[in-house]
Amino acid sequence: MSKKVLLTSVCRPMGPKYGDAPSVGYELLYRQVTRAQGIFSPRTVNIQFSIEYIAENLDAPTVVLQYPSQREFIRELKKGYDYVGISFLMAIFHKVKEMVALIRQYAPNTKIVLGGYGTVLNDEVLKPHADFICREEGVGFMRRLLGEPEIPMPYKHPLIVSWLKVFGWKVSGTGKIFAGLGCPNGCDFCCTSHFFKRKHIKLLPDGKDIYAVAERYLDMDPSLVFLIIDEDFLLNKKRAMQFREAVMQSGKTLSIFAFSSIKALSQYTVEEILEMGIDGFWIGYEGTRSNYAKQQGRPIEEILTEFREHGITILTSMIVGFDYQTPEVVAQEFDGLMKLKPALGQYLIYGPPPGTPFYERVMRENLMHEKYVQDPTLMYRRADGFTTMMKHPTLSPQEIEGLQQWCFEQDFQRLGPSIFRVLESRFLGYQKLKNSPNPFLRQKAEVYARDLRAAFPVFLAGRLLGPNPAVRRWIGDLEQRLHEALGRPALAQRFQSVLVVGAALWTGLTLKLDLFQHPKLIRTTYRLPSKSWKAFDLWEELPQKFSLPDFTIRVDLQHAKKQVWLRLEGALSSAHVEDLAQRIHDSLARSKSRLVLDLNKLHCDKVDDLQPLAEKLAVYRSRIRLVLPKLQAAHPELILLASIFQHYNG
């Protein structure tokens, strides 16, 4: 009998108000990167996507909880599970201990699995709270634990979308692409690099695999942008250039944010990077004398200037608290970074996560402040990059933390809100690329222009509410330049500008009163049968049971939406249409699922008769949506289907 699994994040509420460290919360931007920008901070909830990824790739019935309350967690425990897995970071280990106590009270026979980067803590610390500890790639670990057979990479990739909001309004959806784990660069402070022993695990082995995931997202919603999650995505040039080739063959203009190092970026021209669709990077600036291997290559000043001029958004991360730093050195490094005008900036304190060379050095040389040696739980709780834990040759903890706060505040006061810095970079890119001889780059310029026009309504709020007169003037000047180049805003946009000011003021009030600052529970079931979501095996067996030389069926069980996405690719002979239609009909009859029938890659010119498909599936038309190629109007068989079934609109 199959085991039943519950995977969960820690419980809400979280944040400094609840005794957590300063940056602990649900949002990387608002709590950390743009923490000084107040109402201007973009907002997006970051779920524990790793547990969704693992759940997608198990055979066992699995439920995933994102940020349950303790009451919701207890209610779920009472449903009965063989295993409960908790993903956590070191700074929220105290919340894990609270959850473990609840598991032992309400589900005493359930085995507890701890995973995530919080497991850098040693067995002596973790074993009292766990039956199993995962310190490796999670899919393989969980399948072994459950007695399920090993499966090869690439694994099944879940489609996970987060929504970016400005002043409470959705401005873009981001599809997460999980390309790899670990990093070979091995910076002494880097938990993620040393967690995987400086090895890179390619979850998506080649560039075509990465593009295939992007294409699935675009089928679902063509307006999505992407985040490629891989510690140094461009370091493997062969894979990156395979991806570029796949993007260019598609003819589509993507918008991708990725993580990369100066070492990796130095292998490419800016044109090659834009042709991949990448128009945003997180780059480690660290410090001018930090001398990490990843910083070798072209001068960072040259790269950041060139990228900004081509419309590429840059998020730079700087470290405060290196041994060589004094207040004057920090100010010099910060001033140099400000001259490069990054769109976003992160400033964290040099800290020693367990398992890293820096931690070993700190413990070996007795550099940890005594209160953290005496009370390690205090060290765990404050391990978020905003507390000084080690002794510095010249600076006190208060001085280091004061310098960090100064960096965040000065970043905002000097350069203004990041949302406008991004727009300025996009405008520079539009001007640079609009007359390029490269048609792909001209197309990118058109996308920049479209996005800039859509952003016109946000400028009034910036001109009225920006942090100081100089920034407000700069926002007004940028607005004027955009209007001169791209046209004046329409009447509807001018009206919308007033609404945006109201939304900005409302955002300020909700922040002041701490209203609506916590996400609701997200509960997703995987292979857990219900009336409307069952018989998963019927769909998963379809590709094997209907196999033809020039034809492929791809099945996505989209558990969060409780729908099946069925892609028909290649040439389908008329002789096989009726058999396929019958199999889909039977699966719909037994499963009660909603179906998205994707015909975008069906070679319609080689299909004479889709009538059986229409006839067999018509009875389920209320549960079926179609994805049709752009040339549908030119093909009578597709016109027939479009007349019966509704088009998929997300």
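The values are calculated or read from the model by the stated rules, or taken from the named source; none is laboratory data. Please read all numbers here as calculations on a predicted model, not as lab measurements. In this analysis, Cβ positions are derived from the backbone assuming ideal geometry, glycine residues included, and neighbour counts consider all displayed protein chains. The area values use the complete protein model at the heavy-atom level, side chains included, leaving out ligands, DNA and RNA. Shrake-Rupley method; radii C 1.70, N 1.55, O 1.52, S 1.80 Å.
Among the residues of segment 531-552, those identified as free of Cβ contacts under 8 Å to residues at least 24 places away in the same chain and either open to solvent by less than 60 Å² (accessible area, probe 1.4 Å) or under 16 Å from His157 (Cβ atoms) (or both) are Glu540, Pro543, Thr552.
Here's the yes/no breakdown for (1) out of contact with any Phe, Trp or Tyr (no Cβ under 7 Å at 6 or more places or on another chain); (2) hydroxyl-bearing (Ser, Thr, Tyr); (3) at pLDDT below 85:
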| site | (1), (2), (3) |
| --- | --- |
| Leu557 | no, no, no |
| Leu566 | yes, no, no |
| Ser574 | yes, yes, yes |
| Arg594 | yes, no, no |
| Leu610 | yes, no, yes |
| Val619 | yes, no, no |
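Summed over segment 188-222, the residues that are in a strand (DSSP E or B) and surrounded by 17 or more Cβ atoms within 10 Å (Cβ to Cβ) give a count of 1. Considered as a group, the residues in segment 369-392 that are among the acidic types (Asp, Glu) and part of a loop (DSSP other than H, G, I, E, B) include one that is nearest to Asp323 (Cα to Cα), and that residue is Asp384.
For segment 239-253, which residues satisfy the criterion of being touching a residue at least 24 places away in the same chain (Cβ under 8 Å) and either out of contact with any Leu (no Cβ under 8 Å at 6 or more places or on another chain) or farther than 26 Å from Ile283 by Cα (or both)?
Result: Arg239, Met241, Gln242, Phe243, Arg244, Glu245, Ala246, Met248, Ser250, Thr253.
For beta carbons closer than 9 Å, sequence separation of 6+ or different chains, a first residue in segment 468-488 that is within 17 Å of Gln431 (Cβ to Cβ) and a second that is of a type in the set (S, T, N, Q) and in a helix (DSSP H, G or I), the qualifying pairs are Ala485/Gln431. Just one of the numbered conditions (1) open to solvent by less than 40 Å² (accessible area, probe 1.4 Å); (2) out of contact with any Leu (no Cβ under 8 Å at 6 or more places or on another chain); (3) over 17 Å from Leu227 (Cβ atoms) is not true of Pro299: (1).
So, of the residues in segment 1-18 that are within 22 Å of Ile103 (Cα to Cα) and of a type in the set (Gly, Ala, Ser), which turns out to be most open to solvent (accessible area, probe 1.4 Å)? Full working, then the answer.
Of the residues in segment 1-18, the ones within 22 Å of Ile103 (Cα to Cα) are 2-14, 18.
Narrowing further to those that are of a type in the set (Gly, Ala, Ser): 2, 9.
Numbers: Ser2: 69, Ser9: 1 Å².
Checking each candidate, the answer is Ser2.
Kindly indicate whether any position in segment 324-331 is in contact with a helix residue (DSSP H, G or I) (Cβ under 8 Å, 6 or more places away or on another chain) and assigned to a loop (DSSP other than H, G, I, E, B).
First, the residues of segment 324-331 that are in contact with a helix residue (DSSP H, G or I) (Cβ under 8 Å, 6 or more places away or on another chain): 325, 327, 330.
Keeping just the survivors that are assigned to a loop (DSSP other than H, G, I, E, B) gives 325.
Yes, segment 324-331 contains at least one residue that is in contact with a helix residue (DSSP H, G or I) (Cβ under 8 Å, 6 or more places away or on another chain) and assigned to a loop (DSSP other than H, G, I, E, B).
Do we have any residue at all in segment 224-247 that's over 30 Å from Met390 (Cα atoms), modelled with pLDDT of 95 or more, part of a strand (DSSP E or B) and aromatic (Phe, Trp, Tyr)? The answer is yes, given that some residue of segment 224-247 is over 30 Å from Met390 (Cα atoms), modelled with pLDDT of 95 or more, part of a strand (DSSP E or B) and aromatic (Phe, Trp, Tyr). Being in a loop (DSSP other than H, G, I, E, B) and of a type in the set (Ser, Thr, Tyr) is the filter; apply it to segment 1-41 and report the residue that is nearest to Leu511 (Cα to Cα). Checked segment 1-41; the qualifying residue nearest to Leu511 (Cα to Cα) is Ser41. Looking across segment 280-296 at every residue that is open to solvent by 60 Å² or more (accessible area, probe 1.4 Å) and touching a residue at least 12 places away in the same chain (Cβ under 8 Å), the one that is farthest from Lys339 (Cα to Cα) is identified as Gln296.
Selection of segment 258-276 for residues being of a type outside the set (Lys, Arg), touching a residue at least 60 places away in the same chain (Cβ under 8 Å) and either open to solvent by less than 10 Å² (accessible area, probe 1.4 Å) or under 21 Å from Gln346 (Cβ atoms) (or both) yields Ser261, Leu274.
Within the set Val373, Val329, Val320, the sole residue that is over 33 Å from the mean Cα position of the chain (by Cα) and either over 23 Å from Asn291 (Cα atoms) or buried (at least 20 other Cβ atoms within 10 Å of the Cβ) (or both) turns out to be Val373. The residue that is least open to solvent (accessible area, probe 1.4 Å), among those in segment 28-48 that are touching a strand residue (DSSP E or B) at 6+ places or on another chain (Cβ under 6 Å) and under 19 Å from Tyr117 (Cβ atoms), is Val33. Checked against the criterion of being touching a residue at least 40 places away in the same chain (Cβ under 8 Å) and aliphatic (A, V, I, L, M), segment 399-406 has at least one qualifying residue. I'd like to check which helices (runs of 4 or more DSSP H) are fully inside segment 406-466 and have at least 1 residues that are more than 28 Å from Ala504 (Cα to Cα) and open to solvent by 20 Å² or more (accessible area, probe 1.4 Å). Fully inside segment 406-466 and qualifying: 418-433, 439-454. State yes or no: is Val113 β-branched (Val, Ile, Thr) and touching a Gly at 6+ places or on another chain (Cβ under 7 Å)? Criteria met by Val113.
Taken together, the residues in segment 489-530 that are open to solvent by less than 70 Å² (accessible area, probe 1.4 Å), within 29 Å of Ala449 (Cα to Cα) and in contact (Cβ under 8 Å) with a residue 12 or more places away in the chain amount to 9. Consider His559 carefully, then state whether it is touching a residue at least 60 places away in the same chain (Cβ under 8 Å), within 25 Å of Phe536 (Cβ to Cβ) and in contact with a helix residue (DSSP H, G or I) (Cβ under 9 Å, 6 or more places away or on another chain). The answer is yes for His559. Do we have any residue at all in segment 159-167 that's farther than 23 Å from Thr62 by Cα and in contact with a helix residue (DSSP H, G or I) (Cβ under 7 Å, 6 or more places away or on another chain)? Among the residues of segment 159-167, at least one is farther than 23 Å from Thr62 by Cα and in contact with a helix residue (DSSP H, G or I) (Cβ under 7 Å, 6 or more places away or on another chain), which makes the answer yes. Residue pairs whose Cβ atoms lie under 9 Å apart, sitting 6 or more positions apart in sequence or on different chains, and linking a residue in segment 218-231 that is among the hydroxyl-bearing types (Ser, Thr, Tyr) to a partner that is at pLDDT 95 or above and outside any loop (DSSP other than H, G, I, E, B), are Ser223/Ser172; Ser223/Gly173. Please determine, by comparing only the residues of segment 49-66 that are open to solvent by 10 Å² or more (accessible area, probe 1.4 Å) and over 17 Å from the mean Cα position of the chain (by Cα), which one is farthest from Leu528 (Cα to Cα). Of everything passing the filter in segment 49-66, Asp59 is farthest from Leu528 (Cα to Cα).
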